[in-house]
Ligand SMILES: [Zn+2]
C-alpha cells in the first residue's frame with residue numbers, strides 16, 4: 001500500500017523546530033510565570049482553563065467526555081487536544097461518497113475553526129475561522145464502548161496527531177471525528193483500522 005505524503009504543516013513545523021531549542025525560547029507564562037512548554041502554551045494554565053470549561057460541553061456519552069478531557073489535560077500544544085464540537089458548527093456538509101465498513105465520510109466547513117492562532121500581544125489563542133474539514137462518521141456509534149475509545153486514545157498518543165480536531169455528533173446521534181480535510185486521502189486505511197492508525201505506521205509502511 002502506498003499513501004500520499006502529507007502537506008507540510010506549518011504549525012507542526014514550528015513546534016518541531018523549536019522543540020530542540022533551549023527551554024526559555026517560549027518565554028514565561030504571563031499569567032503564572034512558569035516556563036511555557038510550547039509556543040504560547042503554559043500547560044498548567046491551559047489545563048486549568050480546560051477544567052473550568054468542562055461543565056460547558058458534553059457529548060452525552062461519559063466515555064467520550066472522559067476521552068476528550070484526557071486529551072485536553074495532557075496536551076503539550078494547541079494542536080494536540082480534541083474538543084467536542086456542536087454539530088450546528090458545521091455548514092455546507094457534503095457526502096463525499098467515500099464510505100467503508102465502519103464509517104462514512106463527509107466534507108464540511110467548520111465555521112469557528114480550530115483554536116490554533118497564538119496572539120502574543122493579547123496573550124491568547126484565537127480561532128482560525130471557517131476551515132474545510134472531513135467529518136468521519138462512525139457507524140452505529142451511539143453507544144461507543146470504553147474499549148473502543150481506549151484504542152483510539154492509544155492512537156491519539158502517537159506522534160503528529162494534529163489531524164484530529166475533535167468529535168461531534170450528528171442528527172442520527174452517531175459520533176463523528178472532525179479531521180483535517182487532507183487526511184481524507186487516508187480513508188481506506190482508516191477503515192481497515194477502524195479509525196485507528198499511527199503516522200509512524202504509515203511512514204514505516
Ligand atoms: Zn501559566
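The values are calculated or read from the model by the stated rules, or taken from the named source; none is laboratory data. Model, not experiment: these values are computed from the prediction. Cβ coordinates were reconstructed from backbone atoms using ideal geometry, including for glycine residues, and neighbour counts include every protein chain displayed.
Cβ contacts < 6 Å: first residue within 21 Å of residue 149 (Cβ to Cβ), restricted to region 45-63; second residue part of a helix (DSSP H, G or I) and within 16 Å of the ligand (Cβ to nearest atom), any location; separation 6+ or different chain. Result?
47/73; 50/72
Working only within region 64-74, note down all residues that are touching a residue at least 60 places away in the same chain (Cβ under 8 Å) and under 15 Å from residue 165 (Cβ atoms).
If the condition is that a residue be touching a residue at least 60 places away in the same chain (Cβ under 8 Å) and under 15 Å from residue 165 (Cβ atoms), then 64, 67, 68, 71 are the ones that fit.
List the number of the failed condition for residue 73; all other conditions in (1) within 16 Å of the ligand (Cβ to nearest atom); (2) at pLDDT below 90; (3) touching a helix residue (DSSP H, G or I) at 6+ places or on another chain (Cβ under 7 Å) hold.
(2)
Which condition number does residue 85 fail, the rest of (1) more than 18 Å from the chain's Cα centre (by Cα); (2) within 22 Å of residue 130 (Cα to Cα) being met?
Evaluating residue 85 over (1) more than 18 Å from the chain's Cα centre (by Cα); (2) within 22 Å of residue 130 (Cα to Cα) leaves (1) as the failure.
May I ask you to verify whether residue 97 is out of contact with any strand residue (DSSP E or B) (no Cβ under 7 Å at 6 or more places or on another chain), exposed (fewer than 14 other Cβ atoms within 10 Å of the Cβ) and modelled with pLDDT of 95 or more?
In short, no.
Residues of region 29-51 being in a loop (DSSP other than H, G, I, E, B), near the ligand (Cβ under 8 Å from one of its atoms) and surrounded by 14 or more Cβ atoms within 10 Å (Cβ to Cβ), which ones?
29, 36, 42
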